[in-house]
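Below is one structure; the comments refer to it alone.
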There are 2 protein chains.
Amino acid sequence: MNFDKQIQERPECTVERALAVIDGKWTTLILRDLLAGTRRFGELRTSLTGISPKTLTDRLRDLERQGVVTRVVFPEIPPRVEYTLTDKGRALGNVVYALAEWGAEWT
Amino acid sequence: MNFDKQIQERPECTVERALAVIDGKWTTLILRDLLAGTRRFGELRTSLTGISPKTLTDRLRDLERQGVVTRVVFPEIPPRVEYTLTDKGRALGNVVYALAEWGAEWT
DNA sequence: CGGAATCCCCCATGATACTG
DNA sequence: CAGTATCATGGGGGATTCCG
């Protein structure tokens, strides 16, 4: 149970560690969008059809905390907030591209 | 809600389609193991620390139904069942390798 | 516009016991 | 050994409302 997971905070397997970062139903799709360039909150919300604002915020905060995206707030009215991938986030491009290629060939 | 998802059974995005296949908390780790070669049920159960037999069965059945793994039963006593990746499953190696490389460099 | 605050719920997963 | 059967659960995600 949870005890087992907590005593191995840093599993040896690099795949497991990577999965812990891009976990979540929407996370990889957020990365897909941001790999195309900086996006505003509303742009992501529109592109990710069906996502709730709560979930989008939750996922973006997680990614931010893990150093995958940066969040820049522009003190304007109406407010503007932009999300951009960090180097760490851009490096995940290989994963997303691999998924896209496989999906194109096999699904 | 679900209605929206059902009217687009085959989303255009290849990333989404790929994610639909490797969905689940354990699925990618199962693929990681099978990429190293054929494995028996018990071997997978041991390697995937913490997984319940029910969940392992569920995930393997899903992967089988989607043509990612093949299940071979040997009519012996005690029974032996081996799981092997199909071509479609082996093609997912690129995804797993991309995850492993990213995990090694950034986590 | 970009959230925060609440409340709620489903379903993948877990725990456990049993069997051919 | 490789599952099935059953029941319990919890937390990620959804729906809605409100705010600066």
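Read-outs throughout are calculated quantities, based only on the coordinates presented, and are distinct from any laboratory measurement. Please read these numbers as outputs of a predicted model, since none were measured by experiment. Heads up, the Cβs are rebuilt from the backbone with ideal geometry, glycines too, and the neighbour counts pull from every protein chain shown.
Key figures
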read-out: Estimated D of the protein assembly as shown in µm² per second, where Rh is the Kirkwood radius over Cα pairs and Stokes-Einstein applies at 20 °C, 1.002 mPa s; value: 114 µm²/s
read-out: Two-decimal Rg/Rh across the range B:26-107, once Rg and the Kirkwood Rh are taken from alpha-carbon atoms; value: 1.00
read-out: Residue range of chain B that is longest and free of GluC sites (Glu not before Pro) which are both DSSP loop and sparsely packed (at most 10 other C-beta within 10 Å); value: B:13-75
read-out: Value of relative contact order over chain A, rounded to a whole percent, pairs C-alpha under 8 Å and six or more apart; value: 26 percent
read-out: Nearest 10 degrees, 0 to 90: helix B:53-65 Cα axis against chain B principal axis; value: 60 degrees
read-out: Given charges at beta-carbon only (K, R positive; D, E negative), |dipole| of the range B:3-106 in Debye; value: 360 debye
